[in-house]
Amino acid sequence: MVEKSELLPVLEQIERDKGIKKDDILKMIEQALVSAYKKHSGKMVNLEARINPDTAEVQAFLIKKVMETVTNDNLEITLDQAKKYKADAVMDEDIHIPVITEDFSRIAAQTAKQVIIQKIRETERQTILEEYHAKEGTLVGGTAHRFVEHNIIIDLGKTEGILPVREQVRRERFAIGERVKVLVLKVEKGTRGPKILLSRSHPLVVQRLFEQEVPEVYEKMVEVIEVVREPGFRAKVAVKSNNPKIDPVGACVGVKGSRVRPIIDELRGERIDLIAWSSDPAKYIAASLSPAKVISVNIVNEAEKQAEIVVSDDMLSLAIGKSGQNARLAARLTGWHIDIKSESQRKEAAQERVAHSTEELNKLEGVGPKTIDILIKGGWGSIEKLTHAKPDDLTVLRSVGEKTAIKIIEAAKEVFAQAKTEKPEAVEAAPETPAEAETEAPLASEEIKPE
């Protein structure tokens, strides 16, 4: 068997370097020795192996039961034979018969080697699995090692991770050996060690980079509320200060961009808009459209989160962005439906509404242009709305008395009632002319019959 000077120092060194306990390895060697002996002898025997933890001396014993009649020589022994090994042996007692270990010393040495190697591998795999499980959602550094189809294998030092196509940034290209920072997205136990899924396109990549580069973010004095990005092109980061003395955007940008610049470089030129988060939806929406300057934000429907934003004519294209990118990211960041209009578009829309209301209110008998203008400015530009109005609603308007208000409401009800009676008549189709019937019939037949 392996001498003390050979085995024990090796096990002690493994315990120091790998963290594998010496006693655990010795127990595994004992189990392996039993299996090896049974395989070597070709017999189904009851064997017990012991290794002295201080000297590494191996002792092996065949265990046989004392029986009056022996039916299996491998497992049973007569009382007379048992007394050769133990003088006071009795019936039904288990007798330990020493086995000369030199007979399978070569097997023992080989088994010890295999067990140690196997245990080291299992322990290292488990250690790596636990280490990277704790790193899920964090950034790690690595190098591009090789390419498997379109996936990139990243060398992380102790192990490898995979950067699949779906987690890559389309515009990024890496050379073999190039350093790269990646997000540990998911860690699973595999047959050949841990499977580590990495990402470069996840929004957390941007957040973790800010935590690395900006001390205030790492120390939670400045909090990253939300990150949305179109990887490789643009990202919007909403930040909030937990300290009234700290400007969240300024802290993240740094002096002359000293803090945000390394992040942009790591993301291969991806543009980053830093947005000051606000609990006021109007302020937050206006800031989210940065770098465009917003003139006004009109909350159209707070329940359905709909807002109308007005920008100057020269800011319209900047607010919308290339292929609608800026507006799209702003909507994702805030969670609001955003309708962006220029000043000219808003004025045109307002003029169209006024013209439509004027045309509608001109149907009212006895209501002049000045009164129509007052009604429109007061928000009463619809005949249907006027039918539900009360005199008191209109008398608050300038130059509208109670009699005038009653007159306007009665005129509106009359026009509205007349329109309702005329509508069914308009719906009833006029008799078709022969020419119309001839032109429509083939169309109908074409819709029914497939080609």
Exercise. For the chain, what is the charge dipole size about the Cα centre, in debye to the nearest 20, if Lys and Arg each add +1 at the Cβ and Asp and Glu each add -1 at the Cβ?
Worked result: 1760
Exercise. Can you tell which of LEU267, LEU386, ALA350 lies farthest toward the positive end of the dipole of the chain, using +1 and -1 charges on the Cβ of basic and acidic side chains (Lys, Arg; Asp, Glu)?
Worked result: LEU267
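By accessible area of protein heavy atoms, probe 1.4 Å, what ranking do MET44, MET91 get, highest first?
Details: MET44 145, MET91 80 Å².
Putting MET44, MET91 in descending order of accessible area: MET44, MET91.
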Problem set entry | Rg followed by Dmax, in Å, when the range 369-420 is reduced to its Cα trace | 10.2, 31
Problem set entry | Projected label distance in nm at LYS363 and THR395, using a 7 Å step from Cα toward the beta-carbon | 2.8
Seminar exercise, completed: Bounding extents of the range 249-322 in its principal axis frame from Cα atoms, largest first in Å, are 40, 28, 20
For this session: Only Cα pairs under 8 Å and at least 6 apart count here; give the relative contact order of the chain as a rounded whole percent.
Result: 7
Seminar exercise, completed: Expressed in angstrom, Rg and Dmax over the Cα atoms of the range 307-364 are 15.3, 48
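Could you state the orientation-averaged shadow area of the convex hull built on the Cα atoms of the range 44-196, in nm² to one decimal?
Values: hull surface 62.6 nm².
For the Cα atoms of the range 44-196, the hull's average projected area reads 15.7 nm².
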Exercise. Once the dipole of the chain is set up with Lys and Arg at +1 and Asp and Glu at -1 on Cβ about the Cα centre, which of VAL294, ALA282, HIS133 lies farthest towards its positive end?
Worked result: HIS133
Seminar exercise, completed: Taking a crude spin-label model, label points 7 Å out from Cα along the C-beta direction, the ARG166 to SER323 distance in nm is 2.1
Exercise. Once you wrap a convex hull around the alpha carbon atoms of the range 258-391, what is its projected area averaged over all directions, in nm²?
Worked result: 11.5
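May I ask you to give the average projected area over all directions of the convex hull of the Cα atoms of the chain, in nm² rounded to one decimal?
Working: hull surface 199.1 nm².
Directional mean of the projected Cα hull area for the chain stands at 49.8 nm².
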Seminar exercise, completed: Rounded to the nearest 500, the 222 nm mean residue ellipticity computed for the chain from DSSP H runs (n ≥ 4, each -39500 (n - 2.57)) alone is -13500 deg cm²/dmol
For this session: For the range 245-289, count the residues as N, evaluate 2.2 N^0.38 Å, and divide the Cα radius of gyration by that value, please.
Result: 1.31
Exercise. Given the pairs LYS27/LYS113; LYS240/LYS322; LYS27/LYS195; LYS21/LYS119; LYS385/LYS413; LYS39/LYS113, which span a C-alpha to C-alpha distance of over 20 angstrom in this model?
Worked result: LYS240/LYS322; LYS27/LYS195
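The values are calculated or read from the model by the stated rules, or taken from the named source; none is laboratory data. Keep in mind it's a predicted model, so treat the numbers as computed, not measured. Please note: Cβ atoms are built from the backbone with ideal geometry, for glycine as well, and neighbour counts cover all protein chains shown. Keep in mind that these areas ignore ligands, DNA and RNA; they rest on the heavy atoms of the full protein, side chains included. Shrake-Rupley method; radii C 1.70, N 1.55, O 1.52, S 1.80 Å.
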